[in-house]
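Engineer: First, the structure itself, so that you have it in front of you.
The values are calculated or read from the model by the stated rules, or taken from the named source; none is laboratory data. Keep in mind that this is a model prediction, so the values were computed, not measured. Reconstructed Cβ throughout: ideal geometry from the backbone, glycine too, with neighbour counts over all protein chains shown. Side chains are part of the model used for accessible areas, which takes the heavy atoms of the whole protein and leaves out ligands, DNA and RNA. Shrake-Rupley method; radii C 1.70, N 1.55, O 1.52, S 1.80 Å.
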Amino acid sequence: MTPLLGIHHVALICADYDRSRDFYVRVLGLAVKAEHHRAARDSWKLDLALPDGGQLELFSFPSPPPRPSRPEAQGLRHLAFRVAALEPMIERLAAAGVACEPIRVDEYTGQRFTFFADPDGLPLELYETT
């Protein structure tokens, strides 16, 4: 048995803090747990809560290098959010001007999913669980 209990948080670095904060809080609807400006680093740290207890940490740093997405690079490939139904979230994203890829079906589980991107082009997935 593994001593790991689950994922505590995922940390993201953004290029434009205000734009990314708006996206994750207003568009995706994540709750703000804490927000700190770290003056010595000229950096923000925003702790966001997911309903299941998971967290996202959103960081800003001066002039971070862009993330390579294509061709796909080693490391974290994408972040997937579990949803009860895809369509309401796709509609919410569309209303905010965020495009989603066509819905696909996971060939192994039969579950539906779609991809979209955050303001920095980070690939995000909605994965429908029934």
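Engineer: Hey, does segment 27-44 have a residue that's closer than 14 Å to Leu122 by Cβ and in a strand (DSSP E or B)? Give the steps one after another, and end with the answer.
Structural biologist: Kept after step one, since they are closer than 14 Å to Leu122 by Cβ, are these residues of segment 27-44: 27-28.
Pick out the ones that are also in a strand (DSSP E or B) and you get none.
No; the residues of segment 27-44 include none that is closer than 14 Å to Leu122 by Cβ and in a strand (DSSP E or B).
Engineer: How many residues does segment 21-44 hold that are among the charged types (D, E, K, R) and at pLDDT 95 or above? Reasoning before the result, please.
Structural biologist: Residues of segment 21-44 among the charged types (D, E, K, R): 21-22, 26, 33, 35, 38, 41-42.
Still in the running and at pLDDT 95 or above: 21-22, 26, 33, 35.
Selection size over segment 21-44: 5.
Engineer: Same structure again: Restricting the first residue to segment 1-24 and requiring it to be more than 18 Å from Pro68 (Cα to Cα), which pairs with a second residue that is among the aromatic types (Phe, Trp, Tyr) and at pLDDT 95 or above meet a Cβ separation below 6 Å and a spacing of at least six or different chains?
Structural biologist: Close Cβ pairs (under 6 Å, with a partner that is among the aromatic types (Phe, Trp, Tyr) and at pLDDT 95 or above) amount to Tyr17/Trp44.
Engineer: Pairs, please: C-beta under 6 Å, at least 6 apart or cross-chain, first residue more than 20 Å from Gln111 (Cα to Cα) and in segment 76-100, second open to solvent by 90 Å² or more (accessible area, probe 1.4 Å) and among the charged types (D, E, K, R)?
Structural biologist: From segment 76-100, no pairs qualify.
Engineer: Sticking with this one: Would you check which residues across segment 101-127 are touching a residue at least 60 places away in the same chain (Cβ under 8 Å) and over 20 Å from Asp52 (Cβ atoms) and list them?
Structural biologist: Listed by number, the residues that qualify are Pro119, Asp120, Leu122.
Engineer: Does Gly54 meet the test of being surrounded by fewer than 12 Cβ atoms within 10 Å (Cβ to Cβ) and under 16 Å from Leu124 (Cβ atoms)? First the steps, then the outcome.
Structural biologist: Values: surrounded by fewer than 12 Cβ atoms within 10 Å (Cβ to Cβ): no; under 16 Å from Leu124 (Cβ atoms): yes.
No; evaluated as a whole, the condition is false for this residue.
Engineer: Considering only segment 1-26, state which residues are in a strand (DSSP E or B), open to solvent by less than 70 Å² (accessible area, probe 1.4 Å) and under 16 Å from Ala80 (Cα atoms).
Structural biologist: Restricting attention to segment 1-26, the residues satisfying the condition of being in a strand (DSSP E or B) are 9-14.
Now restrict to residues that are open to solvent by less than 70 Å² (accessible area, probe 1.4 Å): 10-12, 14.
If the condition is that a residue be in a strand (DSSP E or B), open to solvent by less than 70 Å² (accessible area, probe 1.4 Å) and under 16 Å from Ala80 (Cα atoms), then Val10, Ala11, Leu12 are the ones that fit.
Engineer: Something else now. Counting only residues that are of a type in the set (A, V, I, L, M) and either assigned to a loop (DSSP other than H, G, I, E, B) or open to solvent by 80 Å² or more (accessible area, probe 1.4 Å) (or both), how many does segment 75-96 have? Lay out the reasoning, then the answer.
Structural biologist: We begin by selecting, within segment 75-96, every residue of a type in the set (A, V, I, L, M); these are 76, 79-80, 83-86, 89-90, 93-96.
Applying the additional criterion that residues be either assigned to a loop (DSSP other than H, G, I, E, B) or open to solvent by 80 Å² or more (accessible area, probe 1.4 Å) (or both) yields 76, 84-85, 95-96.
Number of matching residues: 5.
Engineer: Which ones in segment 57-67 are part of a loop (DSSP other than H, G, I, E, B) and either within 17 Å of Lys33 (Cβ to Cβ) or open to solvent by less than 80 Å² (accessible area, probe 1.4 Å) (or both)? Talk me through it step by step, then tell me what you get.
Structural biologist: The initial filter retains those residues of segment 57-67 that are part of a loop (DSSP other than H, G, I, E, B), namely 61-67.
The answer is Phe61, Pro62, Pro64.
Engineer: Could you go through segment 64-82 and let me know if any residue there is touching a helix residue (DSSP H, G or I) at 6+ places or on another chain (Cβ under 9 Å) and farther than 18 Å from His9 by Cα. Working first, answer last.
Structural biologist: From segment 64-82, those touching a helix residue (DSSP H, G or I) at 6+ places or on another chain (Cβ under 9 Å) are 81; that's our starting set.
Filter once more, keeping what is farther than 18 Å from His9 by Cα: none.
No.
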